[in-house]
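Down below is the structure, laid out as structure tokens.
The values are calculated or read from the model by the stated rules, or taken from the named source; none is laboratory data. Quick caveat: nothing in here was measured; it's all calculated off a predicted structure. Quick reminder, even Gly has a Cβ in these numbers, built from the backbone with ideal geometry, and neighbours come from all protein chains shown. Heads up: the accessible areas ignore ligands, DNA and RNA and are worked out on the full protein's heavy atoms, side chains in. Shrake-Rupley method; radii C 1.70, N 1.55, O 1.52, S 1.80 Å.
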Amino acid sequence: MDKILSLLQDFDVAKLLPTPVEFTQDLQIIMRVIVMVAPLVVLGLGLWYYLAPPKEANYAAGFRVYRAMGSVEAWQFTQRLAGQIYCLLGIGLTVIMSILCNCFMFMSPMTMATVAMVCVVVEALLILVAWVYIRYMTGKNFDKKGNRIKKEKKNKIQSRYTAWHAVGNPDAICESLVYFAYHCISDRTFPDSF
């Protein structure tokens, strides 16, 4: 018991705690890692999807979208598109976030944590937007079975911008009016179907 008491008398809790300078340096490193993980992962995924995607649809690897799983053509289209978008997003985020990380040394710990949190939220939102866009483009180009959707060539005036399709749809009404005005100004003619 005397040995334990003698050890505790020499024990100082303050020696275990880091100094403010050490704490700030450690916090800078932690915040840099947190901010830079997502851009580097997105860049890595983009390079993988673009340069060496899985050749056939599978449930283990690759950018998996229901419509892309239907055919090899749809799968390759989706992988290439995901690779391009994620590469661009990863490069952009890596450059911007590395510049912000270099500014961490001039910030107080609380400001640094706030900026890091905002950066992570912005990264997550941009990744979500890219994910939704890739799914949208795959759905726009391929049907549920993975067959490419054939685009019919129609006269734009007759198929898209008629007054009848705009009835009851405010967005279509505005779109039709804008197209009508553009067509009249550019061609100096009155569209037949309007």
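Key figures for this structure:
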item	result
Sites Asn147 and Leu125 - FRET efficiency at Förster radius 25 Å, r taken between beta-carbons, to 0.05	0.15
Bins of 10 Å from zero: percent of alpha-carbon pairs in segment 1-145	11, 29, 20, 15, 11, 7, 5, 2, 0
Segment 92-138: equivalent-ellipsoid semi-axes (sqrt of 5 x gyration tensor eigenvalues, Cα, Å)	28, 11, 4
Sites Thr111 and Leu88 - FRET efficiency at Förster radius 22 Å, r taken between beta-carbons, to 0.05	0.15
Residue-by-residue Karplus 3J(HN,Hα) for segment 60-69, coefficients 6.51, -1.76, 1.60, Hz, glycine and proline x	9, 9, x, 7, 9, 10, 3, 6, 7, 7
Cut-off under 5 Å, modelled amide H: who pairs with Phe142 long-range	Ile149
Integer Hz, Karplus 6.51/-1.76/1.60 couplings in order for segment 117-129, x for Gly and Pro	5, 4, 4, 5, 5, 5, 4, 4, 5, 5, 5, 5, 4
Surface per residue (accessible, 1.4 Å probe) for segment 1-159, Å²	69 Å²
